[in-house]
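Colleague: Before I ask anything, here is the structure I am working with.
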Amino acid sequence: MTTPMPGTRPGTQIRGVRTNLLGIYLNDHLAGATVGSARSGFAARSHRDPPFAEPLRRLAGEIAEDRASLLRIMGSLGVPKRRYKVAASGVAERLGRLKSNGRLCRRSPLTLVIELEFLRLGVKGKELGWRTLRALAEADGRIDEQELDGLIERAERQMGTLEELRVRAVRDVLLTG
């Protein structure tokens, strides 16, 4: 059973928004943002190849900023952060680094392709979360429509960058000659 937001009962609606469900939704996105922020930071630290290093560092910084934006939005809506979800997602991200990649003691060249695909999927999920909040902004004046428009734009740009990097990595890793 979830705890309602301060001053509300389970199933309560504020300004037409089902706050109990919104709290669950935003905490799930926060868990994803925690994984994405950690994974993008790890990728940025792991790749020194010039065509990948700078874009990955920039993306990691933006993804961390987007997580902070989500926390700020949750605060403005009175949605408490569910620490257990954040902690579990952090553990899951670190365990994900242990996956088999065809190499025992060092990174496989394929790791970059997989990481870029994973990050692109995460950014797409984040974009959809911003779009959901943007749709709710009309019913709830506490949600800043302009901020969300900017976050949606940035997510679209991030997906474009990740796709360019992914295609380059696929060519570098999977094509011969």
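Colleague: Would you please put 18-27, 131-140 in order of how densely packed they are, using the mean number of other Cβ atoms within 10 angstrom per residue and starting with the highest?
Modeller: On the way: 18-27: 18.6, 131-140: 15.7.
Order by mean packing, descending: 18-27, 131-140.
Colleague: Next question. Using the beta-carbon distance between residue 54 and residue 174 and R0 = 25 Å, what value does 1/(1 + (r/R0)^6) give for FRET efficiency, to the nearest 0.05? Working shown, then result.
Modeller: Details: r = 23 Å, r/R0 = 0.92.
The pair residue 54/residue 174 has a calculated efficiency of 0.60.
Colleague: Extension gain residue 156-residue 17, at 0.36 nm per residue separation less the Cα-Cα distance, in nm?
Modeller: On the way: separation 139, 0.36 × 139 = 50.04 nm, distance 2.62 nm.
So the chain would gain 47.4 nm between residue 156 and residue 17.
Colleague: Moving on to the next point. For residue 108, put the label point 7 Å out on the Cα→Cβ axis and report which residues of the range 159-177 keep their amide N under 19 Å from it.
Modeller: 166-176
Colleague: So, in Å, what gap is there between the alpha-carbon centers of the range 143-163 and the range 13-56?
Modeller: 13 Å
Every read-out reported here was derived from the displayed coordinates using simple, explicitly stated rules and does not represent laboratory data. Worth saying up front: this structure is predicted, and the values here are computed from it rather than measured. Here Cβ is always computed from backbone atoms with ideal geometry, including for glycine, and neighbour counts include all displayed protein chains.
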